[in-house]
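The values are calculated or read from the model by the stated rules, or taken from the named source; none is laboratory data. It should be emphasised that the depicted structure is a prediction, and the values quoted were computed from it without experimental measurement. Ideal geometry is used to build each Cβ from the backbone, glycine not excepted, and the neighbour counts take in all protein chains shown. Side chains are part of the model used for accessible areas, which takes the heavy atoms of the whole protein and leaves out ligands, DNA and RNA. Shrake-Rupley method; radii C 1.70, N 1.55, O 1.52, S 1.80 Å.
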Amino acid sequence: ETTRQVWQMEIPLRDQKELQALLMRFEQDDSDSNKDASGSTWTVCLNLNIGEMGHIHSKIRLTSEVISTHFWAEEEKTLQKISAHLPRLETALEKLGLSVNQMTAALGKPPDPVEITAIEARLLDETA
């Protein structure tokens, strides 16, 4: 049996004079194949474009108290900055009581980048 809930949103961010969008997708997977004795798996995907740093994508997965993080940067200098800060992130996550399974940073785009998909039934019709 599959029980999967997905929430997605787009948040505007001001980058100096321009507006950029932070795309976020939260997924809760309660399917039998992905569920252990301690609960469901949560996945958070982020996609943002920060001026000169370029596009940054991330995927964070949490099952029970085990976390994995994956970052993709489309600019080499941004990848270097992210890679340099991964040990600090790992320490912060461990201080929160989480067990870090995997932390990666790669150049390019993820195989499944976050995109806001059309919602068939809208709660609010801004054209009304």
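Here is how the numbers come out for the structure above:
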| item | result |
| --- | --- |
| Yes/no for THR69 being β-branched (Val, Ile, Thr) and surrounded by 12 or more Cβ atoms within 10 Å (Cβ to Cβ) | yes |
| Which listed residue, of LYS59, LYS109, is open to solvent by 70 Å² or more (accessible area, probe 1.4 Å) and either touching a strand residue (DSSP E or B) at 6+ places or on another chain (Cβ under 8 Å) or in a strand (DSSP E or B) (or both) | LYS109 |
| Residues within the stretch 76-102 that are open to solvent by less than 60 Å² (accessible area, probe 1.4 Å) and out of contact with any strand residue (DSSP E or B) (no Cβ under 8 Å at 6 or more places or on another chain), tallied | 2 |
